[in-house]
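K.L.:
Got a structure here, written out as structure tokens. Questions coming.
Laboratory data are not the source of any read-out in this text; all were calculated from the coordinates shown. Note that this is a predicted model, so its numbers are computed, not measured. Every residue, glycine among them, receives a Cβ derived from its backbone with ideal geometry; neighbour counts consider all protein chains shown.
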Number of protein chains: 2
Amino acid sequence: MVTRKEVAELAGVSEATVSRVFNGLGPMKPATKERVLEAAKQLNYHPNAIAQSFARRRSGNLGVVLPYMPKVHLFSAFYFSEILSGIGEQVREQGYDMLLSLLTPDESLDYTRLYRSQKVDACVILGSRDTPQQRESLMQLQAQGLPFCLVNQSFEGLSFHEVDADHVEGSYRAVRHLQEEGYRKIAFLNGSPQYSNSGDRLQGYMKAMSEAGLEVPPELLLEGNYSRKSGYEAASGLWEHRDQVEAVFAANDRMAIGLMQGLRERGWIAGRDFAIIGCDDSDAAKLSDPPLSSINVPFYEMGKEAARSVLAGLLHGGGTKDTRIKLPTSLVVRQSSRAVIINDS
Amino acid sequence: MVTRKEVAELAGVSEATVSRVFNGLGPMKPATKERVLEAAKQLNYHPNAIAQSFARRRSGNLGVVLPYMPKVHLFSAFYFSEILSGIGEQVREQGYDMLLSLLTPDESLDYTRLYRSQKVDACVILGSRDTPQQRESLMQLQAQGLPFCLVNQSFEGLSFHEVDADHVEGSYRAVRHLQEEGYRKIAFLNGSPQYSNSGDRLQGYMKAMSEAGLEVPPELLLEGNYSRKSGYEAASGLWEHRDQVEAVFAANDRMAIGLMQGLRERGWIAGRDFAIIGCDDSDAAKLSDPPLSSINVPFYEMGKEAARSVLAGLLHGGGTKDTRIKLPTSLVVRQSSRAVIINDS
DNA sequence: TTGTAGGCGTTATCAG
DNA sequence: CTGATAACGCCTACAA
């Protein structure tokens with residue numbers, strides 16, 4: 001590998017000058033700069049990023065933490081893929097790189113380890129849940145002043161730097177939409193309560209129901225774990241109370257689709273016998289039959305914003321305020337929620 | 001940050017000894033080792049990975065290259081997600097980290113840049129296509145002896161280190177299965193020819209057809225670009241020749257589902273009016289209605305194997321043979337390919 | 001505007 | 001078994 005030294009020699013300048021040229025620092029004679037660049041090109045010199053990191057005492061890497069649970073599909077790949085793309089875009093704009101960490105959630109979760117090795121300057125944490133271990137780990141990070149940003153999750157009573165979507169509003173609108181289509185008996189299939197989103201969505205659902213003066217008997221409240229399978233399994237419970245249900249709002253697309261599958265087996269077809277709206281507006285929503293109405297969540301933008309703000313915090317001397325940013329959602333109406341027949345006996 | 005020096009002082013040994021302890025090198029008195037570890041724990045010392053990389057002249061990072069094309073969904077997120085998980089698993093086993101690079105395929109694709117900065121020791125390249133630029137870039141990498149491994153792609157006439165699935169065999173079996181179910185008029189919806197998989201699948205399809213003594217009139221050969229939309233659009237062409245089609249083999253699940261959607265709009269229901277088999281066995285196959293029969297491709301294992309072999313090459317002095325590894329596929333039969341009615345008029 | 005020189009935290013080589 | 005001591009490639013005051 002060709003080093004700065006060789007470039008300096010060829011250009012007839014000092015090594016420091018080569019550095020200045022490559023970092024655009026200080027005033028310098030254009031001729032000098034020219035010579036250096038020429039020499040560098042000739043030798044095919046490229047700064048050694050590791051050495052730079054070493055000298056600057058920062059890695060230039062943004063850590064991205066993903067939950068790793070093979071064979072368990074609580075999250076859709078779509079979700080992470082979008083967020084990762086957003087992070088990736090931002091990171092490139094700022095000259096950073098992305099270091100991916102797949103962490104098994106149940107292993108003694110120690111986020112500080114990521115920073116100790118100095119391989120990352122900050123982290124974006126995806127897919128975290130509200131468990132005692134995670135709270136502990138995150139509080140520890142915060143106490144040590146290590147910069148991080150949570151995406152799509154918040155912790156009751158704690159204040160972290162986080163980027164979220166407005167799930168309360170999104171859910172509210174979804175349920176409102178169903179009401180406007182004429183449905184009154186609207187069930188809610190929520191996901192695991194460990195995700196703050198679940199609470200948000202419940203809140204939005206309840207708000208819309210109560211504003212419309214609608215009762216919410218317990219049979220209308222179902223719970224899955226965000227997997228397709230859990231939605232599929234929820235079908236049997238819902239089926240028992242089918243005379244009390246005209247529509248469903250599900251906390252994600254996968255559960256919605258699973259539920260549709262379960263009900264279809266019983267002869268209940270979404271968009272015909274009942275309406276349903278999912279959440280995430282993932283590609284699965286377009287693949288399902290009928291196409292699934294869904295709440296669009298700007299995952300890409302959330303990833304991008306998370307990366308942007310956590311990296312911005314690095315520049316401003318780690319003075320990251322623990323702010324919560326909420327991005328807006330929107331409703332995408334497809335066939336699954338169109339009123340065809342309203343069995344409002 | 002606490003450094004080796006401080007540990008050495010506290011333990012009353014030299015810095016070199018501290019390093020030896022942490023690297024498990026050379027024989028040493030247990031008592032010494034004990035003291036060092038004790039001191040390290042007390043000070044909460046952890047080696048600085050950047051400094052180590054610098055001194056060792058290797059980053060300890062495996063680069064993972066993903067094609068980045070926002071809004072264009074030629075690949076399913078499932079695909080990358082599985083491969084990434086496999087890579088992630090292997091990488092952790094070997095104490096490496098994963099550095100993610102999202103590269104826009106049409107930008108002047110220069111893979112060598114990744115290595116020049118020394119931020120990665122080797123790369124796994126996903127989603128590459130057979131274009132002149134990519135050939136050029138890869139040949140350049142190879143010429144410079146930079147270690148890399150391609151996943152799910154090969155280049156006619158060039159020999160790279162690559163991990164692939166046996167798509168010829170998989171396609172062959174899918175078509176054979178359709179034949180065994182009694183179908184004779186079997187169409188093939190392929191993806192873009194820039195992906196070597198497409199050629200492989202065509203080969204498998206043709207083999208099965210010719211072995212069964214079946215003609216393949218041109219109307220049976222359709223081409224999409226692996227997106228759902230392209231499958232959806234292929235429906236119209238297929239519909240025109242519907243009297244010549246009883247079944248379809250599609251080169252991926254997304255196109256298969258798009259095609260099913262397009263045909264459903266015309267009243268043709270998969271699993272009833274025609275049979276269809278997709279490829280990838282992605283989660284979408286389970287979400288679709290009817291559930292889609294599909295060729296299972298071991299993406300996870302492919303990612304893992306790619307990481308394993310490319311990292312192994314690093315140890316053995318870069319003596320990576322440019323081998324092609326092919327992992328086996330298998331057929332997963334779901335409702336979309338079950339013979340219900342055979343309209344074999 | 002440019003050069004000098006110390007330092008970053010390890011690894012690795014050589015003595016002892 | 002352990003301790004010095006050069007690298008490693010670059011950054012950055014500080015000096016000129």
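K.L.:
Could you tell me which residue out of A:ALA40, A:VAL13, A:GLY267 lies farthest along the dipole of the protein assembly as shown toward its positive end? Charges go on the beta carbon: Lys and Arg +1, Asp and Glu -1, centred on the Cα centre.
P.N.:
The Cα lying farthest towards the positive end belongs to A:VAL13.
K.L.:
Go ahead and set up a Gaussian network model of chain A, Cα springs under 10 Å, then flag whichever of A:THR323, A:THR32, A:THR131 fluctuates most.
P.N.:
A:THR32
K.L.:
Moving to a separate point now. Amide H of B:ILE325: which non-local residues (sequence gap of 5 or more, or other chain) have their own amide H closer than 5 Å, using H built in the peptide plane?
P.N.:
So B:ILE325 has HN proximity to B:GLU162, B:VAL163, B:ASP164.
K.L.:
Taking the DSSP beta bridges in the protein assembly as shown as the whole, what percent of them are antiparallel, to the nearest 5?
P.N.:
In the protein assembly as shown, DSSP labels about 10 percent of beta bridges as antiparallel.
K.L.:
For B:LYS185, which lysines qualify as cross-link partners when the Cα separation must be under 23 Å and same-chain residues fewer than eight apart are set aside?
P.N.:
B:LYS207
K.L.:
Using the alpha-carbon atoms, what tilt in degrees (0 to 90, nearest 10) does helix B:253-264 show relative to the longest principal axis of chain B?
P.N.:
30 degrees
K.L.:
Same structure again: Per residue of region A:125-139, what does 6.51 cos²θ - 1.76 cosθ + 1.60 with θ = phi - 60° give for ³J(HN,Hα)? Whole Hz please, x for Gly and Pro, Karplus curve as stated.
P.N.:
Karplus values, whole Hz, x for Gly and Pro: 10, 10, x, 7, 10, 8, 10, x, 4, 5, 4, 4, 4, 6, 5.
K.L.:
Then there is this: Once the label point is set 7 Å along the Cα-to-beta-carbon vector, what list of distances in nm do you get between B:GLU136 and its counterparts in the other copies?
P.N.:
Values, ascending and in nm: 5.6.
K.L.:
Karplus couplings for region B:280-288 from phi (6.51 cos²θ - 1.76 cosθ + 1.60, θ = phi - 60°), rounded to Hz, Gly and Pro as x?
P.N.:
Calculated HN-Hα couplings, in order: 2, 6, 6, 4, 4, 5, 7, 7, 6 Hz.
K.L.:
Let me ask something else. For A:PHE274, which sequence-distant residues (separation of 5 or more, or a different chain) have an amide H within less than 5 Å of its own amide H, given hydrogens modelled in the peptide plane?
P.N.:
Counting only residues 5 or more places away or on other chains, the set is A:ILE269.
K.L.:
Return the sequence-ordered ³J(HN,Hα) values of region A:193-206 in whole Hz as given by the Karplus equation 6.51 cos²θ - 1.76 cosθ + 1.60 applied to θ = phi - 60°, using x for Gly and Pro.
P.N.:
Once rounded to whole Hz, the list reads x, 5, 9, 4, 3, 4, x, 4, 5, 4, 4, x, 4, 4.
K.L.:
Moving on. So the label point sits 7 Å from Cα along the Cα-to-Cβ vector; using that for A:PRO193, what distances do you get to the other copies, in nanometres, sorted shortest first?
P.N.:
So the label point of A:PRO193 gives 6.0 nm to the other copies.
K.L.:
Further, regarding this structure: About the Cα centre of chain A, how large is the charge dipole given +1 on each Lys and Arg Cβ and -1 on each Asp and Glu Cβ? Please answer in debye to the nearest 20.
P.N.:
So the magnitude is around 1300 debye.
K.L.:
Where Lys and Arg each count +1 and Asp and Glu each count -1, what net charge lies around B:PHE155 among other residues with Cβ under 12 Å from its Cβ?
P.N.:
So the surrounding residues net to -3.
K.L.:
If you take every DSSP beta bridge whose two residues both sit in chain B, what share of them, in percent to the nearest 5, is antiparallel?
P.N.:
10 percent
K.L.:
Please list the non-local residues whose amide H lies under 5 Å from the amide H of B:LEU331, H modeled 1.01 Å from N, same-chain partners needing a gap of 5 or more.
P.N.:
Residues meeting the amide H criterion: B:ASN296.
K.L.:
With +1 assigned to the C-beta of every Lys and Arg and -1 to the C-beta of every Asp and Glu, and no other charges, what is the dipole magnitude of region A:212-337 about the Cα centre in debye, to the nearest 20?
P.N.:
500 debye
K.L.:
Also: To the nearest 20 debye, what is the magnitude of the charge dipole of the protein assembly as shown about its Cα centre, counting +1 on the Cβ of each Lys and Arg and -1 on the Cβ of each Asp and Glu?
P.N.:
That gives the protein assembly as shown a dipole magnitude of about 2220 debye.
K.L.:
Ok, one more. What are the nm distances, shortest first, from A:PRO217 to its equivalents in the other copies, labels at 7 Å along Cα→Cβ?
P.N.:
5.9
K.L.:
Could you work out how far helix B:228-240 tilts from the main Cα principal axis of chain B, as a 0 to 90 degree angle to the nearest 10?
P.N.:
So the helix axis and the longest Cα principal axis differ by about 20 degrees.
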